[in-house]
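Just so it is clear, none of the values below were taken in a lab; they were calculated from the coordinates. Keep in mind the model is a prediction, meaning the values are calculated, not measured. Counting neighbours? That spans all protein chains shown, and the Cβs are built from the backbone with ideal geometry, glycine included.
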Amino acid sequence: MLHFQLITLNSLHQLDSVEGQRIQQLKKVNSDAYKAYEWLKEHGDMFENRIFGPAIVECTIKDPRYIDQVEAFFSRSDKCAFTCTSQQDYEKLAKHIYGDNKTGIQGLNVSDVTIKMCAAPLSSRAPVCSQDEVSRNNISHLGVNYTYFNLVTELWS
């Protein structure tokens with residue numbers, strides 16, 4: 001009985017936080033990605049670099065008036081995708097999410113999880129547009145960080 005109460009209180013606390021609300025949204029939109037996200041929170045220290053979780057959880061739009069426009073930029077799978085910054089981390093994450101018969105890793109028994117790879121540092125990429133173009137075209141008014149806009153455009157265009 002005490003265990004059930006702790007889960008209930010934890011769930012209520014989670015719904016009170018912005019992150020908790022986003023995690024619950026991920027759970028509704030893609031339960032497989034939610035399962036992978038929860039696993040990654042517990043096992044993130046086994047990776048060489050940070051694994052970026054789903055945009056639906058980790059990205060914030062500063063001006064709420066533009067949420068629909070920015071969200072329209074992403075497909076459902078992009079909103080729920082994980083992004084690795086090294087090939088080793090990509091392979092390790094894929095094995096732990098999907099399973100690997102060679103190593104005996106069971107996986108999470110999921111099929112609807114997208115993993116993206118972005119190995120080159122953002123500083124090595126030419127921007128898709130200049131800071132001036134961002135300002136001139138009112139992209140900055142959407143509340144999207146210039147650097148993030150260029151990364152997202154590179155990954156998902």
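Per-residue 3J(HN,Hα) values for region 113-119, derived from phi via the Karplus relation 6.51 cos²θ - 1.76 cosθ + 1.60 with θ = phi - 60°, read 10, 9, 10, 10, 10, 9, 7 Hz in sequence order (x marks Gly and Pro).
For Met117, the residues 5 or more places off, or on other chains, whose built amide H falls under 5 Å of its own are Cys84.
The GluC sites (Glu not before Pro) of region 30-86 that DSSP puts in a loop, and whose beta carbon has at most 16 other beta carbons within 10 Å, are Glu48. The modelled label-to-label distance for the pair Asn109/Ser75, using points 7 Å beyond Cα in the direction of Cβ, is 2.8 nm. Across region 91-97, coupling constants 3J(HN,Hα) worked out from phi with the 6.51/-1.76/1.60 Karplus curve, θ = phi - 60°, read 5, 5, 5, 4, 4, 6, 7 Hz, and Gly and Pro carry x.
Can you bin region 2-119 into rounded, prolate or oblate? Criterion: square roots of the alpha carbon gyration tensor eigenvalues sorted a ≥ b ≥ c, rounded for a/c under 1.5, prolate for a/b above b/c, oblate for the rest. Since a/c reaches 1.5 but b/c is at least a/b, the shape of region 2-119 is classed as oblate. Distances between placed amide hydrogens fall under 5 Å for Gly99 paired with Gly107, Leu108, all partners being 5 or more residues away or on another chain.
Arrange Asp32, Asp63, Asp68 by Cβ neighbour counts within 10 Å, fewest through most, would you? Spell out each step's value before the answer.
Working: Asp32 16, Asp63 12, Asp68 9.
With the fewest neighbours first, Asp32, Asp63, Asp68 line up as Asp68, Asp63, Asp32.
Across region 31-42, computed HN-Hα scalar couplings (Karplus, 6.51 cos²θ - 1.76 cosθ + 1.60, θ = phi - 60°) run 5, 5, 5, 4, 4, 5, 5, 4, 4, 5, 4, 7 Hz from first to last residue, x flagging Gly and Pro.
Extension gain, Ala120 to Lys95: 0.36 nm times the residue separation minus the Cα-Cα distance gives 6.8 nm.
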